[in-house]
Amino acid sequence: MEQSLILQTIALELSLKVNQVEAVTALSTEGCTIPFIARYRKEKTGGLDEVAISAILESFERHVELEKRREYILQYLTGQDKLTPELDMLIRKALTMAELEDMYLPYKPRKKTLADRAIELGMEPLADLIVEKNPSLDRALVLAAQFIGGDVTEPGIALEHAMNILTQRVSDNAEVRRIVRLDLQKGSVRAAVKRGKKEEGQKYRDYFDFSEKAQHMASHRIMAILRGGREGILNVSLESAMGTEHLTGTVMAACFGKKGEVLLKSAAESLERHLLSSLGNEILKDLREKAERDSVEIFARNLEKILLAAPFGERAVIGIDPGIRTGCKAALIDKNGVYRDFLTMQLNGSPSDAKKILPWIESYGVEGIAVGSGTFGRETWSLIRELLGEKGVVAALVDEDGASVYSASETAREEFPDLDVTVKGAISIGRRFQDPLAELVKIDPRSLGVGQYQHDITASLLETKLRQTVEWAVNRVGVNLNTAGYHLLAFVSGLDKNRAREVVKYRTESGGIRSRKELKKIKGIGDKAFQQCAGFLRIMDGDNRIERTGVHPESYDDVEKIAHYYDKTIAELVAGPEIMNKDDIKKHLHIAEAEAVMGELLSRGLDPRKEYTPVSFDEKLKSIADIGDGMILHGIVDNVTAFGAFVDVGIKDKGLVHISEISAEYVKDINTVLSVGDRVLVKVIAVDRERGRISLSIRRAAEH
C-alpha cells in the first residue's frame, strides 16, 4: 500500500482530515516530539492535541509494519515460485496482520507435520480423490486399498494418512480460519477452577464457574481470569458462538464446498487438534492486549491527574514521615525546595514532642506542613493541627505512596547520600506537597498506587505509556530553567538525562542562565534539540520578558510585529496581552502560527494547574474502627479503575465506590464522571473490618 493510501486509511480510522495525518507524520519524521507538535504546530495539524497526535503515530507505525510484512511475504513466495496471480491479489488486499498470516500459513517454513509425512508416502492423490468422490467412510476404505504399498500396509493406514492431509488443508485454509476466528470472537470466555485448587485459589472464587461473552468482558475481569490461568488455579478457554457441531459443518463447507462423512471428520479433527486451541489462544492474547491497553489508559489518566495536582507552591514547608516505634521524622524544606534540617518527634505517647517544629515555623516562615498518610499518619496530622491552632499554617495529609520507594532509590542516594531513608521519605513528602510534578517524576509511576493490574501488564507497553504521560504533563506545565532538577528537565521535549545533567552543570558554573539562546552553548543541545525544548523552558529573571512565557524563540519576531502593530513595547505586550485581536493579527500580520503565539502570550507563562485548597476530613475518624454504616463523609478520589473508584476519607484504609454506586444514571465509562483528585461526598454502605474494606456510595450520599 502506498503511503498516500496509508494516510487516507488512518484519516478514515480516526475521523480526521488527510492533511492533518500527513502533517503529523511529516513533522514526526523530521524529529519533532509529540508535545512540540501539539503546542507549536497547531496551524499545521488543525489544533490536534497530544492524544490525537499519538493515535496517528501509533496507527502509522502499525500500517508500516503491516506493509513490511506484506512485502516480505510477497518476496518469499516469489522466490519459492509459489506466488500465483490470485494469491498475489489476495495478499495485497489483506487489511490486517491476521489475514496476511492466514494466507501465508500454507507456505510458511515449519517443522514436518503428519500431513507432510503422508505426502511423502504418496497419499496426496488419495486425499484429492476423497474430495472429488466425497465417499462415505466405508467407501473411502475401498478407495484407500488402491494406495497400499511400502510402509502403507493396509487401507486403514492409507486413509489415516489421507485424512491427515485433509485435516491440514482445513487448518491452513484462510477462509476457514477467518470463520473460526470470527466465531470465537463472538463466543464466550469460560473459566473453571482446576481440581484440588479451590482452597488455594479463593481470591479467584468469582471465576470458579464463569462464562461471559468475550466481546462484553471488562478489562479487569479479563486480566483477573488470565492471571488465575497463569497461576494454575483456573482452566481458561473460549467456547464457540455457534456451537462446535454447527461450526464443524460450516468449516467443512467452506474448505471443500460440499458435505461428506470423511470431509466432516477431517473438519472436526482440524478444529479439535488445531484451530480451536491455536485461534482460541490468539483471541485470548488479543483480549489480554486490549485489556492491557485499557488498563494502561486508566493508569495514564490517573497518573496525569496526580502529576498535575495543585501545588502548594514556592513556600517553606515541613514534611513528616509518621512512625510509631522509631518516631516521626520531620524534614524542613525551604521555599526553593532545598532541604535544610531534620528532627525526630516521638508523638506516640509524647504529643508535646510536636513542639520541636515550632522554631522552624518562626525562623523559616513555614506556611505548610505535609504529613504522610500511612500508618500513624492520621494521628500525627491531628496532633499537628492542634499544635498549630490559629497560626495560619496549613496542615495537610499527603498520599505517601512511592515515598519509601524513592527513599531507597539510587536517585535518593545521589541527592542525599548521608541521610537515613526515613528522613529522605519526609523530604519527598514535603516536596511533593510543594510541587507534585517536580517530585513525582523521580518515582517509578508503578509505585504510586493508581493503576489496575499494572503488575500483569507487559513491561515495555506500560513503561512507554507512563513515560509519555509524564512527558506530556511536564511539557504542559513548563519548567523553570534555573531551578528545576535534572530529573524534571529530563522529561522536557528534546532533552534527556544526559542533556539535563549538562544543563544543571552549565547553570551552576555560570551562575544561572539569562537567555534561552545560551542553551546552544550546552553540550548535546544542537539546533534540533534546541527547537524542541526551548519553548517549554521558562526564565523568570532573564534578559527577555518573552522568555517568562511559552512563546517559542522562532516566534520572537512575530511578537515584535504584534507589539509594533499595537504600538506597545515587548514588556507591555507580555504584561497586557488582552489587547490582541485574532482577526486583526491574521489579516494584517500574516503570522504562520498566530493562534499558538497568541495563546502563549495570553497564558503569560503561568502554571496551568489549579491553586491548592486543603481537603477537610472528619477529624473524629482515626481508623476503620471509627467508620460505621450510613455515615456521610467527605473524601477525595485516590484511584480510578474500570470497576470503580477508591476514595480517601482521611484514614489509612481507602473506600471503594463501585461503578454501580456512582450515579443513579447508568455509567458506561467511569472516566467521564470521576477523576483522581476529585472531591466527593460519600455514604458508607458496608464495612468489613477484618479485611480492611469499606464500601461507599456517591449516588446514595446525593439522595441523603
Test: residue in region 522-542 that is charged (D, E, K, R), out of contact with any Phe, Trp or Tyr (no Cβ under 8 Å at 6 or more places or on another chain) and closer than 24 Å to ALA571 by Cα: yes
Matching residues, region 198-256, being acidic (Asp, Glu), free of Cβ contacts under 8 Å to residues at least 24 places away in the same chain and more than 21 Å from LEU287 (Cβ to Cβ): GLU199, GLU245
Subset of region 630-678 [among the charged types (D, E, K, R), within 23 Å of LEU307 (Cα to Cα) and part of a loop (DSSP other than H, G, I, E, B)]: LYS652, ASP653, LYS654, ASP669, ASP678
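Mind checking which helices (runs of 4 or more DSSP H) fall wholly inside region 7-59 and carry at least 2 residues that are under 25 Å from ALA529 (Cβ atoms), in contact with a His (Cβ under 6 Å, 6 or more places away or on another chain) and of a type in the set (A, V, I, L, M, F, W, C)? Explain how you work it out, then say what you get.
On the way: elements: 18-29, 34-40, 42-45.
Where helices (runs of 4 or more DSSP H) fall fully within region 7-59, none carries at least 2 residues being under 25 Å from ALA529 (Cβ atoms), in contact with a His (Cβ under 6 Å, 6 or more places away or on another chain) and of a type in the set (A, V, I, L, M, F, W, C).
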Any hit, region 178-191, residues being of a type in the set (Asp, Glu) and without any contact (Cβ under 8 Å) to a residue 12 or more places away in the chain: no
Test: residue in region 266-281 that is outside the structural domain of GLU58 (by TED's automatic domain parsing), closer than 25 Å to HIS455 by Cβ and either surrounded by fewer than 18 Cβ atoms within 10 Å (Cβ to Cβ) or among the hydrophobic types (A, V, I, L, M, F, W, C) (or both): yes
Count of residues meeting criterion [charged (D, E, K, R), under 18 Å from PRO614 (Cα atoms) and within 29 Å of the chain's Cα centre (by Cα)] in region 386-445: 5
Members of region 446-491 found to be in a helix (DSSP H, G or I), among the β-branched types (Val, Ile, Thr) and either at positive phi or under 13 Å from the mean Cα position of the chain (by Cα) (or both), listed by number: THR464, THR469, VAL470
Flag if SER407 is free of Cβ contacts under 8 Å to residues at least 24 places away in the same chain, more than 26 Å from LYS654 (Cβ to Cβ) and of a type in the set (Gly, Ala, Ser): no
LEU681 being among the aliphatic types (A, V, I, L, M), at pLDDT 90 or above and part of a loop (DSSP other than H, G, I, E, B): no
Answer from ILE318, ILE283 - the residue that is of a type in the set (A, V, I, L, M, F, W, C) and part of a helix (DSSP H, G or I): ILE283
When residues of region 580-596 are limited to those that are surrounded by 16 or more Cβ atoms within 10 Å (Cβ to Cβ) and in a loop (DSSP other than H, G, I, E, B), the one modelled with the highest pLDDT: MET580
Qualifying residue in region 201-213 (condition: acidic (Asp, Glu), touching a helix residue (DSSP H, G or I) at 6+ places or on another chain (Cβ under 8 Å) and under 29 Å from THR113 (Cβ atoms)): no
Failed criterion for VAL131 (all others in (1) more than 30 Å from ILE10 (Cβ to Cβ); (2) in a helix (DSSP H, G or I); (3) in contact with an Asp or Glu (Cβ under 9 Å, 6 or more places away or on another chain) hold): (3)
Residues of region 645-692 classified as charged (D, E, K, R) and under 27 Å from the mean Cα position of the chain (by Cα), total: 9
Filter result for the condition that a residue is of a type in the set (Ser, Thr, Tyr) and more than 30 Å from SER382 (Cα to Cα), over SER350, SER270: SER270
Single unsatisfied condition, MET631 versus (1) surrounded by 14 or more Cβ atoms within 10 Å (Cβ to Cβ); (2) closer than 30 Å to PHE312 by Cβ; (3) in contact with a Leu (Cβ under 8 Å, 6 or more places away or on another chain): (3)
Number of the condition not met by ILE427 [criteria: (1) outside the structural domain of GLY402 (by TED's automatic domain parsing); (2) of a type outside the set (Phe, Trp, Tyr); (3) crowded, with 23+ Cβ neighbours inside 10 Å]: (1)
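Which is touching a residue at least 24 places away in the same chain (Cβ under 8 Å), more than 30 Å from LYS285 (Cα to Cα) and outside the structural domain of GLN8 (by TED's automatic domain parsing), of PRO135, PRO125? Give the steps one after another, and end with the answer.
Numbers: PRO125 fails: touching a residue at least 24 places away in the same chain (Cβ under 8 Å).
Matching residue, one of PRO135, PRO125: PRO135.
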Filter pass, ALA11 being of a type in the set (A, V, I, L, M), within 30 Å of TYR104 (Cβ to Cβ) and within 19 Å of the chain's Cα centre (by Cα): no
Residue within region 89-112 that is in contact (Cβ under 8 Å) with a residue 12 or more places away in the chain and either within 20 Å of GLU154 (Cβ to Cβ) or more than 38 Å from the chain's Cα centre (by Cα) (or both) present: no
Residue that is surrounded by the most Cβ atoms within 10 Å (Cβ to Cβ) [pool: residues in region 60-82 that are in contact with a Phe, Trp or Tyr (Cβ under 7 Å, 6 or more places away or on another chain) and in a helix (DSSP H, G or I)]: ILE73
Test set (1) at pLDDT below 90; (2) within 23 Å of ASN475 (Cα to Cα); (3) not polar (S, T, N, Q) - PRO577 fails condition number: (1)
Qualifying position, being modelled with pLDDT of 95 or more and closer than 30 Å to GLY389 by Cα, among PHE312, PHE376: PHE312
Sole residue being among the aliphatic types (A, V, I, L, M), surrounded by 15 or more Cβ atoms within 10 Å (Cβ to Cβ) and closer than 25 Å to SER460 by Cα, chosen from ILE306, ILE233: ILE306
Positions within region 688-700 being at pLDDT below 95 and part of a strand (DSSP E or B), in sequence order: ASP688, ARG693
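The values are calculated or read from the model by the stated rules, or taken from the named source; none is laboratory data. Since the structure is predicted, the reported quantities are computational estimates derived from the model, not experimental observations. Cβ: placed from backbone, ideal geometry, glycine included. Neighbour counts: every protein chain shown.
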